[in-house]
Amino acid sequence: MNTMKKIDHLALDGHALELFLAVLEEGSVTAAATRLGLTQSAVSHALNKLRRIVGDPLFAKSGRGIVATAHAQALAAKARALIDEMRSFAGGVTFQPASAQLSLTIAANDFQRDLLLPRLFDHVAAQVTNLNLRVIPSQSPSPAMLRENRCDLLITPLPPSGVDIVQKRLLQDHYVCYYDSKARAAPATRGAYLAARHITVVYTDNERLDFDRRLAADGFHRDIAISVPSFSGVPSFLRGSQMLASMPSLLAPGVMHGFAHVRIPLASRTRTLAELPMFMVWHQRYQKDPAHRWIRSQLETVAATASHPVPAKT
């Protein structure tokens, strides 16, 4: 009957592996202890524990020094790999883009999607081994999207709140009034703006634009003739019509190319109403993740190149 005490492999720890590698590399318990700032007895104790776990003496005397056994030599690569895994587990490793294969899911509605994500894909794909990007609509974003890991990042002007939700401003835009200059003149006064019929966006979850909600809360009533589910649906209705569309200025070179735009003529206080900040939002679990931090930095770089609103006529 075997009466030897069973040694649990879960008793293995990173400090013992580090000591083992130091002795292996130095060829001396004394030199390893000096290198690690420990006593010889502490190093010997750790080695004895490791010997019991692996069932091998690990080192044998050779003259005045020691040499590693064949089994110890075979274990060295595994020990280094285990220490690297522990370091990775603790979040201490760095992210290497050149060897990375990334799969990202980003939630964004059409404005921020078209403005930022094609640029982000090209920018990141040029630096990594492989990139797969999935884009999903954010609609009216909720903390659950991030808590349930439905997306890695959320880009929105209305960041959801929560103690576990982190946000950072990417850019600042503002709403302007678009119109077809071949069909009508610019609305020069508050009366002309409010008297016109308007086109706006109402998302498929019945969420209105924040700009529209602010105007309504401030007592401004507009005649909404047409509601479409995305900004890309506006041009076909606006072209050739007398209607107006209040949308972000950064759409001017893209989906609203060919339309004129002016500052919304509702007095100076509407400059605040017309502000449109854009945020990236993520869950706290990714706050210190090296790959996620790198992606966030790349998105900030891309946003800086896209955040120059086209001046509106006064």
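Below, the figures for the structure above:
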item: Listed candidates (1) 149; (2) 201; (3) 138 - label of the one calculated as volume of the Cα convex hull per residue in Å³; result: (2)
item: Highest average packing first - 186-193, 106-113, 258-265, Cβ atoms within 10 Å; result: 106-113, 258-265, 186-193
item: Anisotropy class of the range 187-314 from Cα gyration tensor, a/c 1.5 cut; result: prolate
item: Extreme residue, positive dipole direction of the chain, given options Val43, Trp294, Asn130 (C-beta unit charges); result: Val43
item: Spatially close lysines, pair count over the chain: Cα under 22 Å, gap of eight or more or interchain; result: 6
item: Translational diffusion coefficient (Stokes-Einstein; Kirkwood radius from C-alpha pairs) of the range 146-192 at 37 °C, 0.692 mPa s, in µm²/s; result: 220
item: Two-site label geometry, Arg285 and Ala70: point separation in nm, points 7 Å out along Cα→Cβ; result: 4.6
item: Gyration tensor (alpha-carbon) shape descriptor, the range 163-225, a/c threshold 1.5; result: prolate
item: Amide H contacts of Ser140 (H built 1.01 Å from N, under 5 Å, at least 5 apart or other chain); result: none
item: Residue-span extension gain [Ser236 to Gln96] - 0.36 nm each, minus C-alpha spacing; result: 45.9 nm
item: Sorted peptide list for 72-83, 284-295, criterion being average Cβ within 10 angstrom, highest first; result: 284-295, 72-83
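Quick note: the coordinates plus some simple rules give every number you see, no bench work behind them. Computed from a predicted model, the values in this text were never measured in an experiment. Counting neighbours? That spans all protein chains shown, and the Cβs are built from the backbone with ideal geometry, glycine included.
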